[in-house]
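Peer 1: Pasting in a structure now, in structure tokens, and then I'll have a few things to ask.
What follows draws every value from the coordinates through simple rules; no lab data is involved. Values in this document were obtained by computation on a predicted structure and should not be read as measured data.
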Amino acid sequence: MSTMPAVIFDLDGTLVDSEPLYYEAGRRTLERYGVTGFSWEEHTQFIGIGTRETLETLRERYGIEAPVDELLAVKNQHYLELAATTEIFPEMRAFVERLGAAGHPLIVASGSSRSAIETALKATGLDALLPVYVSAEDVGRGKPEPDVFLAAARLLAVDPVQCVVVEDAGPGVEAARRAGMRCIAVPYAGGPSPDGELFASAELLFRGGQPEFDARRAYEWVTDGR
């Protein structure tokens, strides 16, 4: 078992700027079932929430008769059509590279499907740096439940207290807390305010989001244990 802190990365909105793509995939999916006018503002209510849980809520909200599994398949297909344009946040790439060079165990833990995670990692070249990942499809419950982070720790054979989670959304920060892991929060610019109580448990908060994120500072925080 490694004595170096392991770092568990959320994917969407944290490593890669894929939220606009998920919004568009969701908008197209709802439109297919007769729901028009789905706005970015409505989408932001679901940032950090797993795709299945998001679609369960939207299905009920709009009275869509199609089963959730069908909606998942449709949204996933729309997303995969868009995913080739996924872009990584440059400072996050620097952070991942620094951690990897130092030998920290690294993994992605995301509420997205396995195919969506794999596509985004390949599109950005992150698959070479982060070849191991856990999807919400692999666990029973999505964030804010801790399941996906605990599964990541098990896969790395690292105790949860030796893990640091990197997250952009309140539900993910809360999931890290419930998992007994430290958390670096980098709030997504188009998402909920970092002043919300879910962000309060993050041990390191870059309140200004990605423009404020500093790979060197984050790396030193991970390695110093503060």
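Peer 1: Name the long-range amide H neighbours of residue 66: under 5 Å, sequence gap of 5 or more, or other chain; modelled H, no Pro or chain starts.
Peer 2: Placed amide hydrogens put nothing under 5 Å from residue 66.
Peer 1: Suppose the chain between residue 85 and residue 4 were pulled fully straight at 0.36 nm per residue; how much longer would it get relative to their current alpha carbon spacing?
Peer 2: Contour length minus the Cα-Cα distance gives 25.8 nm.
Peer 1: Under 10 Å, Cα contacts only: if you run a Gaussian network model on the chain, which one of 112, 39, 193 comes out with the highest mean-square fluctuation?
Peer 2: It is 39.
Peer 1: Sum -39500 (n - 2.57) across every DSSP H segment of at least 4 residues in the chain, then divide by the residue count to get the 222 nm mean residue ellipticity, nearest 500. Please list the in-between numbers first.
Peer 2: Details: 9 runs with 100 residues, N = 226.
The helix-only estimate for the chain comes to -13500 deg cm²/dmol at 222 nm.
Peer 1: Quick query: amide H of residue 108 versus all other amide H atoms, modeled in the peptide plane; which residues come in under 5 Å with a sequence gap of 5 or more or a different chain?
Peer 2: 9, 132, 133, 134
Peer 1: Something else: Could you derive backbone 3J(HN,Hα) for segment 134-148 from the dihedral phi with the Karplus parameters 6.51, -1.76 and 1.60 (θ = phi - 60°), listing whole Hz in sequence and x where the residue is Gly or Pro?
Peer 2: 10, 10, 4, 5, 8, 10, x, 10, x, 4, x, 5, x, 3, 5
Peer 1: Translational diffusion coefficient of segment 1-72 at 4 °C, 1.567 mPa s, Stokes-Einstein with Kirkwood Rh over Cα pairs, in µm²/s as a whole number. It would help to have the intermediate numbers written out before the result.
Peer 2: Working: Rh = 13.7 Å.
It diffuses with D of about 95 µm²/s by this estimate.
Peer 1: Can you give the Kirkwood hydrodynamic radius of segment 1-149 from its Cα pairs, in Å with one decimal? Before the final figure, lay out the partial values.
Peer 2: Details: mean 1/r = 0.0625 Å⁻¹.
About 16.0 Å for segment 1-149.
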